[in-house]
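The next block holds one structure in the form of structure tokens; read it before the comments.
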Amino acid sequence: MGGREDDFEPSALGTKEHWDAIYERGLQHFEDSGNAGEIWFGEESMSRLIGWLEKQKIPLDSCVLDIGTGNGVLLVELAKSGYTNLVGIDYSPSAIQLSKKIMEKEELPQVKLQELLMPSA
Ligand SMILES: C[S@@+](CC[C@H](N)C(=O)[O-])C[C@H]1O[C@@H](n2cnc3c(N)ncnc32)[C@H](O)[C@@H]1O
């Protein structure tokens, strides 16, 4: 605690260039193999999140906004769990292209996806 702001080196994970490169490769990989790619926080975290929504009795038609949706796999799982009003945004155009292709494959045209930059705080 009490660290200074300059204690840490800036991380590539905080740059759009990093995510653009990741999802450009992901898009190519999906086209070659049909594989959706990495789930960054793991399947377990998606199950826990959906379990929490269910426990709170969040209505299935509530709007869920997934900020930094990446390949959109969380939205796929939410749709499969019955959620009907799903929106994903990401600042990487390749992530949005990939997530749209995954929704097509999963036959989930109702999931809305939009390229959008969330300004940092
Ligand atoms: C760690 S990945 C997580 C992807 C996905 N949610 C998952 O769990 O697999 C972070 C995502 O956030 C996006 N992102 C980071 N900063 C953003 C910003 N300021 N506005 C919009 N998207 C952003 C990146 O492009 C990337 O897709």
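Of Val111, Gly42, His29, whose Cα points farthest to the positive end of the dipole of the chain (charges on the beta-carbon: +1 Lys, Arg; -1 Asp, Glu; origin at the Cα centre)? The residue sitting most towards the positive pole is Val111. Rounded to the nearest Hz, the phi-derived 3J(HN,Hα) couplings of the stretch 43-57 under the Karplus curve 6.51 cos²θ - 1.76 cosθ + 1.60 (θ = phi - 60°) are 4, 4, 5, 5, 4, 5, 5, 5, x, 5, 4, 5, 5, 7, 6, where x marks glycine and proline. Within a straight-line Cα-Cα reach of under 19 Å, Lys57 can be paired with the following aspartates and glutamates, leaving aside sequence neighbours fewer than 8 residues apart in one chain: Asp66, Glu77.
Averaging 1/r over each pair of different alpha-carbon atoms in the stretch 1-113 and inverting the result gives 15.3 Å, the Kirkwood hydrodynamic radius. The listed peptides 39-49, 90-100, 20-30, ordered by packing as a protection proxy, come out as 90-100, 20-30, 39-49 (highest mean of other Cβ atoms within 10 Å first). Taking 0.36 nm per residue of separation and subtracting the Cα-Cα distance, full extension of the segment from Glu44 to Ala12 would add 9.0 nm. Based on the Cβ-Cβ distance of Trp52 and Asp32, what FRET efficiency does E = 1/(1 + (r/R0)^6) give at R0 = 25 Å, to the nearest 0.05? Efficiency, from the Cβ-Cβ distance: 0.10. Oblate is the label for the stretch 59-121, because the ratio a/c of its alpha-carbon gyration tensor axes (a ≥ b ≥ c) is 1.5 or higher and a/b is not greater than b/c. Extending 7 Å from Cα along the Cβ direction at Ser120 and again at Thr84 yields two label points whose distance is 4.0 nm. Between Asn85 and Val64, the built amide H atoms are under 5 Å apart, and every one of these is 5 or more places off in sequence or on another chain. About its Cα centre, the dipole of the chain is roughly 480 debye, where the only charges are +1 on Lys and Arg Cβ and -1 on Asp and Glu Cβ.
Every number here is computed from the coordinates shown, using simple stated rules; none is lab data. Predicted, not measured: the structure shown is a model, and the values here were computed from it. Counting neighbours? That spans all protein chains shown, and the Cβs are built from the backbone with ideal geometry, glycine included.
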